[in-house]
Amino acid sequence: MAQTTGRFRKEFESLVLGTPEFSGENFQLTSDEQYHEVLQHISDHKYLTNERIPYEISMRDAVYSWYENVYEPISRAIDQEGLAGAFPGHSRAELYLWVCRHWHYLKEESRREVGAAEAVCSFGSQFAHRSFSRFMYRLKTFTAA
């Protein structure tokens, strides 16, 4: 996996450096744009969190909250559904971004709440590298409905 050293990666790394949530987490993306997208996720999460509480959280607190309430649940669903095996050579962080994009699309299309596991299975059924993997995810999506 090629590594990028762009501005957004450096910004991301400076933000999470020393953050306990990321110790041991191999958070690798292949493009600076992907790091920018993750930073936007964190920023959006901070904004939405601040809308619900009577004080403003720091960016450091937003990273913690995003990791615990957004990234980790989606990451768990990716692991539980075995999605990494259907996308060899891609990091969990890349899968997180792809699933998030797909999840947003599913919610817009269906105009209903869609769970993380459903989004992961749907993503796998449409985009897994091997046809057998796509079939297995379609089967999971069908039996979950």
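Derivation of every value follows stated rules applied to the coordinates shown; laboratory data play no part. In this text, all values refer to a predicted model and were calculated from it rather than measured experimentally. With ideal geometry, Cβ positions are generated from the backbone for all residues, glycine too; neighbour counts draw on all protein chains shown.
Tell me, please, whether a residue that is touching a helix residue (DSSP H, G or I) at 6+ places or on another chain (Cβ under 7 Å), within 23 Å of T19 (Cα to Cα) and in contact (Cβ under 8 Å) with a residue 40 or more places away in the chain can be found in segment 81-92.
The initial filter retains those residues of segment 81-92 that are touching a helix residue (DSSP H, G or I) at 6+ places or on another chain (Cβ under 7 Å), namely 81, 83-84, 86-87, 92.
Of the ones still in play, those that are also within 23 Å of T19 (Cα to Cα) are 92.
With in contact (Cβ under 8 Å) with a residue 40 or more places away in the chain added as a condition, the list becomes 92.
Yes: segment 81-92 contains one or more residues that are touching a helix residue (DSSP H, G or I) at 6+ places or on another chain (Cβ under 7 Å), within 23 Å of T19 (Cα to Cα) and in contact (Cβ under 8 Å) with a residue 40 or more places away in the chain.
If you check K46 against the conditions, is it buried (at least 16 other Cβ atoms within 10 Å of the Cβ), on the phi < 0 side of the Ramachandran plot, free of Cβ contacts under 8 Å to residues at least 60 places away in the same chain and more than 15 Å from the chain's Cα centre (by Cα)? Spell out how you get there, then give the answer.
On the way: buried (at least 16 other Cβ atoms within 10 Å of the Cβ): yes; on the phi < 0 side of the Ramachandran plot: yes; free of Cβ contacts under 8 Å to residues at least 60 places away in the same chain: yes; more than 15 Å from the chain's Cα centre (by Cα): yes.
It is true that K46 is buried (at least 16 other Cβ atoms within 10 Å of the Cβ), on the phi < 0 side of the Ramachandran plot, free of Cβ contacts under 8 Å to residues at least 60 places away in the same chain and more than 15 Å from the chain's Cα centre (by Cα).
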